[in-house]
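Q: Take a look at the following structure, please.
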Amino acid sequence: MNFIFGPVNSRRLGISLGIDLLPPKICNFNCIYCEVGPTTEFTNERGEYADTAAIIAEIEAFRADEAAVARLDVLTITASGEPTLHLGLGEIIAHCKKKIAKPVAVLSNGSLLHDPQVRRELAQADIIIPSLDAARDESFRRINRPDRQCRLSEIIDGLVAFRREFTGHYWLEILLAKGINDTPADLAALAAAVARIKPERVQLNTVARPPLESFARPLRAEELRAAAAALPVTVDILTDRAADAPPLVRDVLASKRGRREDEEEVLHLLRRRPCTAADISTALGMERERVDQATAQLTAAGHVGTSHHRDQKYYIVLPRGQEHPQD
């Protein structure tokens, strides 16, 4: 099993090596907008859900390539589900910090930050990006569809507590879906929660890739700008357009040439999320002609199909036994 993927060009973090702790989607949420698919194991209990030693072995194998490590901006610990559910999280962060002289970022839904042990493990990292999509219980349950043990008030208290303790960079991500968590009452509640949490900045997002549920619809650009204006901290409105990438990322793309095993690289990326051809080119630093060749081969082999969302064609990994669906 591949636990690491990339390096990819992250919209937020630059050249990032992804470390996916839970490739099967083990999570305590089943968000309507999730691009990975439905939660396969629904739990709010921490456990040894992956082989921590195997994850560390993959990191060590990557570390042997000094040139690849030198190109990195950051190591990003994430999961197809929720990474803080994995009991080996602290050991993995500690290993990365000890062995690789690059910042460590962790992406989380923020649901377990009320747990002091989780906060202690995450405190070793350099950048924490938790999510808070709603601050009203009804909207929280509509957009995130959490495990019944998850309580919104406890989650917000955990986000506040971690902010007080953490000395690294702390950014809060909020994703808004049309008609689900974007009402004036929702935005007012989110603004009040953000004022309590006091993140360095908010990263505001909307439904940008094919979502789990068809009723999860994106906000328009002007609606996102209005929502950003309602929040009491600096807000970055995230986009998926490569042209909006930071200059550093564009410079890297301009100079990066050649990758081995293009099809394998593309397939690994698509297992994490659906992508347009432009997304693949940006994430892997791969020339568009090579992207087209790889996706054509993967499609012909029955590994990849397409889906359309917001007038764009996305490549998706097909379930076994399903061939070439087009929509």
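Q: According to the square roots a ≥ b ≥ c of the eigenvalues of the Cα gyration tensor, what is the shape class of the range 1-77, taking rounded for a/c under 1.5, prolate for a/b larger than b/c otherwise, and oblate for the remainder?
A: The shape class here is oblate.
Q: Let me ask something else about it. How large is the charge dipole for the range 257-317, taken about the Cα centre, if only the Cβ atoms of Lys, Arg (+1) and Asp, Glu (-1) carry charge, to the nearest 20 debye?
A: 200
Q: How far apart, in nm, are two points set 7 Å out from the Cα along the Cα-to-Cβ line at ASP157 and at ARG217?
A: Here the modelled spin labels are 3.8 nm apart.
Q: Expressed as a rounded percentage, what relative contact order does the chain have, with Cα pairs under 8 Å and six or more residues apart?
A: 16
Q: In terms of the ratio Rg/(2.2 N^0.38 Å) built on C-alpha atoms, what value belongs to the range 145-221?
A: 1.21
Q: Using alpha-carbon pairs under 8 Å, 6+ residues apart, how would you state the relative contact order of the range 35-150 in percent?
A: Value for the range 35-150: 25 percent.
Q: Just grab the label-to-label distance for ASP292 and GLN149, each label 7 Å out from Cα along the Cβ direction, in nm (one decimal).
A: Output for this residue pair reads 5.1 nm.
Q: Further question on the same structure: Once fully extended, how much extra length lies between GLU60 and ARG310, figured as 0.36 nm per residue of separation less the alpha-carbon to alpha-carbon distance?
A: 86.0 nm
Q: Follow-up question, since we're still on this one. Based on Cβ point charges of +1 for Lys and Arg and -1 for Asp and Glu, what charge dipole magnitude is obtained for the chain about its Cα centre, in debye rounded to the nearest 20?
A: With Lys and Arg at +1 and Asp and Glu at -1, about 620 debye.
Q: Here is a follow-up. Mind ordering 109-120, 76-87 by average Cβ neighbours within 10 Å, highest first?
A: 76-87, 109-120
Q: Of the options LEU175, LEU17, LEU75, report the single residue whose Cα projects farthest towards the positive end of the charge dipole of the range 4-244 (beta-carbon charges: Lys, Arg +1; Asp, Glu -1).
A: Working it through, the farthest residue towards the positive pole turns out to be LEU175.
Q: Modelled label-to-label distance, THR167 and GLN117, 7 Å Cα→beta-carbon offset: nm?
A: The answer from the label model is 2.5 nm.
Q: Under the classification rounded if a/c is under 1.5, otherwise prolate if a/b is larger than b/c and oblate if not, where does the range 277-316 fall, given a ≥ b ≥ c as square roots of the Cα gyration tensor eigenvalues?
A: Note, shape of the range 277-316 comes out oblate.
Q: Continuing with this model, one more query. With unit charges on the beta carbon (Lys/Arg positive, Asp/Glu negative), name the residue among ILE56, VAL106, ILE127 whose Cα is farthest towards the positive pole of the charge dipole of the chain.
A: It is ILE127, whose Cα lies furthest towards the positive end.
Q: What whole-number distance in Å separates the alpha-carbon centres of the range 1-76 and the range 97-124?
A: If you average the Cα positions of each part, the centres end up 13 Å apart.
Only the coordinates and a few stated rules stand behind these numbers; no lab work does. Computed from a predicted model, the values in this text were never measured in an experiment. Because the Cβ atoms are built from the backbone with ideal geometry, glycine has one as well, and the counts that use them run over all protein chains shown.
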